[in-house]
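Below you'll find the structure, written out as structure tokens, and then a few comments.
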Amino acid sequence: MKTVSFDFDGTLQRQDVQDYAMSIKDCHKLIIVTHRMPFLSYRDIFQVAAKIGIPKESIYFVHKSGKVKFFQKHPVALHLDNNYFIVLEIRKKAQVMALDVSSFNWRSEANKILL
């Protein structure tokens, strides 16, 4: 079982990404890593997480510390994000495989990584 991380805004908000998460949830541990601030109420994140089956303790609000620092301490097999520049930064500085869900083949690339 591998750990797969999802950004929320612009990524796990999308139905196709939610469908992908649902399709892999029985084989992999799913987490959410978002730049949002941790002390605010985010009903949308918690609703989507519950729908997919991601527990609240698997939602990480990294805000100012950033995703790179998070992944340097908590490596995952794959991170899915909608920001190309964050994807590149995670790959380079955290040495975590990250994919941009804006690319046309992100799903097939993700499946290759998770084999």
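See the values below:
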item: The range 4-15 - residue that is assigned to a loop (DSSP other than H, G, I, E, B) and over 8 Å from the mean Cα position of the chain (by Cα) and, of those, farthest from PRO55 (Cα to Cα); result: ARG14
item: Search result, residues across the range 63-107 that are under 12 Å from SER5 (Cβ atoms), out of contact with any His (no Cβ under 6 Å at 6 or more places or on another chain) and of a type in the set (Gly, Ala, Ser); result: ALA77, ALA94
item: Some residue of the range 36-44 being among the aliphatic types (A, V, I, L, M) and surrounded by 14 or more Cβ atoms within 10 Å (Cβ to Cβ); result: no
item: Residues (surrounded by fewer than 18 Cβ atoms within 10 Å (Cβ to Cβ), within 14 Å of the chain's Cα centre (by Cα) and either closer than 19 Å to ARG14 by Cβ or modelled with pLDDT of 95 or more (or both)) located in the range 75-88; result: ALA77, TYR84
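The values are calculated or read from the model by the stated rules, or taken from the named source; none is laboratory data. What you are looking at is a predicted structure, and each value in this text was computed from that prediction instead of being measured. In this analysis, Cβ positions are derived from the backbone assuming ideal geometry, glycine residues included, and neighbour counts consider all displayed protein chains.
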